[in-house]
Amino acid sequence: MKRLSYAALLGACLVHVSLAQPVQAEPGSTEEVPLFHCGFANGKSVTLDAGIDGAGLEGLRYRFGRPGKMPELEVFRPYEEVRVTPWPGVGRSIWEDLSLTNGDYSYRIWGSLDKEKAVEEAADALAGGVIVEQGEHEIARLDCLPESVSYTVFSFADTYAEAGYCWDFEHESWRRDEAGSCP
């Protein structure tokens, strides 16, 4: 079994993906900042952007469909209506996911970086996909084509932190930080 040094892992991460930078649109702007995009074998793609909707709400926009066409599904949800699961800090992959709902359905987008593949500079070190669920039942699972994944590691969690949320380790949930007291 190969042993990876922290320096080698960090170096590989820097070679293959840029570490997440704050991704908030300027206040009052309707500009959207891309967080995730990929294509699927069926010719469709998914895009997730952070931004502000027409009513001034900050949140995330999910789009699914064929590139260059009107989306088959487009959903905007304010941050407080989206569930983000940050990487717990263990395992072969650095991953995170987020879920947003539309009626009875939830759409979970996930992104990951395989640490061993990143050290080997493998083209498929980044991965991602979408899982569609209705209640507790998985309806569909689409894995991204490896060469199509556009994702910056930690961007989901960093977007929430930039929007004023803190991860509460005790309760394993995000909380709005009105007082600016995030550790």
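Here D97 meets the list (1) over 27 Å from A55 (Cβ atoms); (2) buried (at least 18 other Cβ atoms within 10 Å of the Cβ); (3) at pLDDT 95 or above almost entirely, failing just condition (1).
The set of residues in the stretch 59-78 that are under 15 Å from F40 (Cβ atoms), part of a strand (DSSP E or B) and either basic (K, R) or free of Cβ contacts under 8 Å to residues at least 40 places away in the same chain (or both) comprises R63, G65, L73. Tell me, which residue of the stretch 119-138 that is under 18 Å from E74 (Cα atoms) and not charged (D, E, K, R) is surrounded by the fewest Cβ atoms within 10 Å (Cβ to Cβ)? Residue satisfying both the conditions and the ranking: Q134.
A quick yes/no check of all residues on (1) of a type outside the set (K, R); (2) touching a strand residue (DSSP E or B) at 6+ places or on another chain (Cβ under 6 Å); (3) crowded, with 20+ Cβ neighbours inside 10 Å; (4) more than 18 Å from Y165 (Cβ to Cβ):
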position: G43; (1), (2), (3), (4): yes, no, no, yes
position: T47; (1), (2), (3), (4): yes, yes, yes, yes
position: L57; (1), (2), (3), (4): yes, yes, no, no
position: G65; (1), (2), (3), (4): yes, no, no, yes
position: E72; (1), (2), (3), (4): yes, yes, no, yes
position: P78; (1), (2), (3), (4): yes, yes, no, no
position: P86; (1), (2), (3), (4): yes, yes, no, no
position: K117; (1), (2), (3), (4): no, no, no, yes
position: D143; (1), (2), (3), (4): yes, yes, no, yes
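Going residue by residue through the stretch 125-140, is there one that turns out to be part of a strand (DSSP E or B), farther than 19 Å from F64 by Cβ and within 17 Å of the chain's Cα centre (by Cα)? Within the stretch 125-140, one or more residues are part of a strand (DSSP E or B), farther than 19 Å from F64 by Cβ and within 17 Å of the chain's Cα centre (by Cα).
Let me confirm something: among G43, G65, G59, G89, which residue is modelled with pLDDT under 95 and out of contact with any helix residue (DSSP H, G or I) (no Cβ under 8 Å at 6 or more places or on another chain)?
Among G43, G65, G59, G89, only G89 is modelled with pLDDT under 95 and out of contact with any helix residue (DSSP H, G or I) (no Cβ under 8 Å at 6 or more places or on another chain).
V23 falls short on exactly one of the conditions (1) in a loop (DSSP other than H, G, I, E, B); (2) buried (at least 18 other Cβ atoms within 10 Å of the Cβ); (3) modelled with pLDDT of 95 or more, and that condition is (3).
The values are calculated or read from the model by the stated rules, or taken from the named source; none is laboratory data. The structure displayed is predicted, hence computed values, not measured ones. Glycine gets a Cβ as well: all are built from the backbone with ideal geometry, and neighbour counts include every protein chain shown.
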